[in-house]
Amino acid sequence: MTIVGVPAGWPATEEEARTVQDELRGRVVLDEPGPPPGTGLVTGVDVAYDDALDLVAAAAVVLDATTLDVVGEATAVGRVSFPYVPGLLAFREIPAVLAALDRLPCPPGLVVCDGYGLAHPRRFGLASHLGVLTGLPTIGVAKNPFTFTYDDPGPARGGSAPLLAGAEEVGRALRTRDGVKPVFVSVGHRVGLAGAVAHTLALTPRFRLPETTRRADALCRQALRDAASFPPPPGR
DNA sequence: GCGACAG
DNA sequence: ATCTTGTCGC
């Protein structure tokens with residue numbers, strides 16, 4: 001089993017990381033509607049950690065957007081590349097995610113991230129960062145409102161309300177199931193907010209979280225368990 | 001200055 | 001994210 005390394009030149013400090021975000025932010029494409037929901041391929045990516053072993057495991061699971069059947073998947077295990085710092089999550093997750101995406105047997109199509117895109121202190125969250133680095137259309141679907149505010153959406157599935165940074169709408173609080181806590185959707189790269197919301201609804205026929213995220217979450221946890229119990233543990 | 005803060 | 005038992009419900 002291979003342990004992927006941290007990319008050369010990867011930021012080592014918070015200051016460097018913020019500078020990278022400020023430099024890449026301008027490359028986000030916001031004028032494309034994105035692929036039509038319910039067609040083609042949709043890929044979920046997620047990451048799991050074992051801080052004690054300094055391990056990170058990423059998974060990418062490709063679904064047929066129409067049937068939500070799994071049509072391809074891949075994982076990658078690596079060393080933790082950055083500490084968790086609110087606003088700098090991408091530097092912790094992206095190296096392993098890129099490795100997993102590289103190992104996919106088919107093109108990913110739209111990529112759904114567990115976190116934020118434009119809804120970010122510098123408008124460059126994980127989903128936007130991954131989109132700029134890969135050129136793929138991406139969206140972010142987060143479980144928490146982070147530092148943003150919102151009015152409670154209507155109680156039925158499909159209900160939504162603006163996710164606000166002050167007066168600026170950076171995403172949408174979206175109810176994906178009747179009566180359950182909303183998820184927080186934001187644009188990543190090459191997809192509009194309306195498209196991001198439509199994709200999220202198409203991916204939640206049964207559960208609060210997108211099927212993509214659920215599949216990727218289960219797979220990266222499994223990959224982490226496998227890695228943690230593998231004979232040649234982490235060397236130095 | 002202090003607390004909050006995607007995963 | 002992760003640490004964790006039982007428990008209520010489909």
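Odds and ends about this structure:
- Any hit, the stretch A:148-161, residues being surrounded by fewer than 23 Cβ atoms within 10 Å (Cβ to Cβ), touching a residue at least 40 places away in the same chain (Cβ under 8 Å) and at positive phi: yes
- Considering residues of the stretch A:14-31 that are touching a His at 6+ places or on another chain (Cβ under 9 Å) and part of a loop (DSSP other than H, G, I, E, B) only, the residue surrounded by the fewest Cβ atoms within 10 Å (Cβ to Cβ): A:30
- Subset of the stretch A:50-83 [under 18 Å from the mean Cα position of the chain (by Cα) and modelled with pLDDT under 95]: A:80, A:81, A:82, A:83
- Number of positions in the stretch A:130-148 that are part of a loop (DSSP other than H, G, I, E, B) and within 12 Å of DNA strand B (Cβ to nearest atom): 6
- Checking each residue in the stretch A:149-182 for being closer than 16 Å to residue A:123 by Cα and either away from DNA strand B (no atom under 15 Å from the Cβ) or in contact with a His (Cβ under 8 Å, 6 or more places away or on another chain) (or both) picks out A:162, A:167, A:168, A:169, A:170.
- Restricting the stretch A:115-125 to residues that are surrounded by 24 or more Cβ atoms within 10 Å (Cβ to Cβ) and in contact (Cβ under 8 Å) with a residue 40 or more places away in the chain, the residue that is nearest to DNA strand C (Cβ to nearest atom) is A:116.
- Close pairs (9 angstrom Cβ cut-off, 6 or more residues apart or separate chains): closer than 23 Å to residue A:35 by Cβ and aromatic (Phe, Trp, Tyr) in the stretch A:203-226, within 15 Å of DNA strand B (Cβ to nearest atom) and not in a loop (DSSP other than H, G, I, E, B) anywhere: A:207/A:214
- Checked against the criterion of being more than 15 Å from DNA strand C (Cβ to nearest atom) and buried (at least 19 other Cβ atoms within 10 Å of the Cβ), the candidates A:112, A:97, A:71, A:132 yield just one match: A:132.
- Residues located in the stretch A:135-145, provided they are crowded, with 21+ Cβ neighbours inside 10 Å and either among the hydrophobic types (A, V, I, L, M, F, W, C) or more than 16 Å from DNA strand C (Cβ to nearest atom) (or both): A:137, A:138, A:139, A:141, A:142
- Among the residues of the stretch A:38-48, those that are within 23 Å of residue A:64 (Cβ to Cβ) and either buried (at least 20 other Cβ atoms within 10 Å of the Cβ) or within 16 Å of DNA strand C (Cβ to nearest atom) (or both) comprise A:42, A:43, A:44, A:45, A:46.
The values are calculated or read from the model by the stated rules, or taken from the named source; none is laboratory data. Because the structure is predicted, anything quoted here is derived from the model rather than measured. For neighbour counting, all protein chains shown are included, and Cβ atoms are generated from backbone atoms with ideal geometry for every residue, glycine included.
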